[in-house]
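Peer 1: Structure in structure tokens, see below.
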Amino acid sequence: MRVMIAGGGIGGLTAALHLHRAGISAQVFESSAEIKALGVGINLLPHAVRELTELGLQSELAETAIETRDLIYHTQYGRPIWQEPRGLAAGYEWPQFSIHRGALQALLLAAVRKQLGPDNIVTGHHLSGFDQDGNSV
């Protein structure tokens, strides 16, 4: 079986790595001519970090991201009004990380290129439709 993934974003690249880990051949197709680090900061909750850890990426993630230990809300004058522990500090088995979306995508892209090979990432290809029969798409 060969799986074609439409989209080279975080979801598509993560799916490619999981499929490869399961022994299923995958190829990623991205509309853009190149995959660039775009976006803003995001938080990876412990369940997401668990998935990336299973892919062997936690050490690279820890080098790039900031471990989030607390979520704190402040007034406009800087006085804390609410605080809650996150990740390991909240008792989870995996940390919570704050990271730039583009940095996470770059980390995943490097892992896909290394594990699946650079030929399994095809840029400049937009999905315009598909056909399905009883055996394939």
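The values are calculated or read from the model by the stated rules, or taken from the named source; none is laboratory data. Model, not experiment: these values are computed from the prediction. So basically every Cβ, Gly included, is an ideal-geometry build from the backbone, and we count neighbours across all protein chains shown. Note: areas computed on protein heavy atoms with side chains; ligands, DNA, RNA excluded. Shrake-Rupley method; radii C 1.70, N 1.55, O 1.52, S 1.80 Å.
Listed here are the residues, each with its yes/no results for (1) part of a strand (DSSP E or B); (2) in contact with an Asp or Glu (Cβ under 8 Å, 6 or more places away or on another chain); (3) open to solvent by less than 60 Å² (accessible area, probe 1.4 Å); (4) touching a residue at least 24 places away in the same chain (Cβ under 8 Å).
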position: Met4; (1), (2), (3), (4): yes, no, no, yes
position: Ala16; (1), (2), (3), (4): no, no, yes, yes
position: Glu60; (1), (2), (3), (4): no, no, no, yes
position: Gly78; (1), (2), (3), (4): no, no, yes, no
position: Trp94; (1), (2), (3), (4): no, no, no, yes
position: Leu107; (1), (2), (3), (4): no, yes, yes, yes
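Each row is one residue, and each column tells you yes or no for (1) modelled with pLDDT under 95; (2) of a type in the set (Ser, Thr, Tyr).
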site: His47; (1), (2): no, no
site: Leu57; (1), (2): no, no
site: Gln96; (1), (2): no, no
site: His126; (1), (2): yes, no
site: Ser136; (1), (2): yes, yes
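Peer 1: Starting from region 110-133, take each residue that is farther than 21 Å from Leu19 by Cα and touching a residue at least 12 places away in the same chain (Cβ under 8 Å) and list its partners that are open to solvent by less than 100 Å² (accessible area, probe 1.4 Å) and in a loop (DSSP other than H, G, I, E, B), counting only C-beta distances under 6 angstrom and pairs at least six apart or across chains.
Peer 2: These pairs meet every condition: Gly124/Ala33; His126/Ser31.
Peer 1: Just give me the residues in region 96-105 being out of contact with any strand residue (DSSP E or B) (no Cβ under 6 Å at 6 or more places or on another chain) and either farther than 23 Å from Gly9 by Cα or assigned to a helix (DSSP H, G or I) (or both), in sequence order.
Peer 2: Gly102, Ala103, Leu104, Gln105
Peer 1: Check region 112-122 and report whether any residue there is within 17 Å of Glu60 (Cα to Cα), in contact with a helix residue (DSSP H, G or I) (Cβ under 7 Å, 6 or more places away or on another chain), open to solvent by 70 Å² or more (accessible area, probe 1.4 Å) and not acidic (Asp, Glu).
Peer 2: yes
Peer 1: Taking region 28-52 on its own, how many of its residues are within 17 Å of Gly11 (Cβ to Cβ) and either open to solvent by less than 80 Å² (accessible area, probe 1.4 Å) or in a helix (DSSP H, G or I) (or both)?
Peer 2: Residues flagged as within 17 Å of Gly11 (Cβ to Cβ) and either open to solvent by less than 80 Å² (accessible area, probe 1.4 Å) or in a helix (DSSP H, G or I) (or both) within region 28-52 amount to 17.
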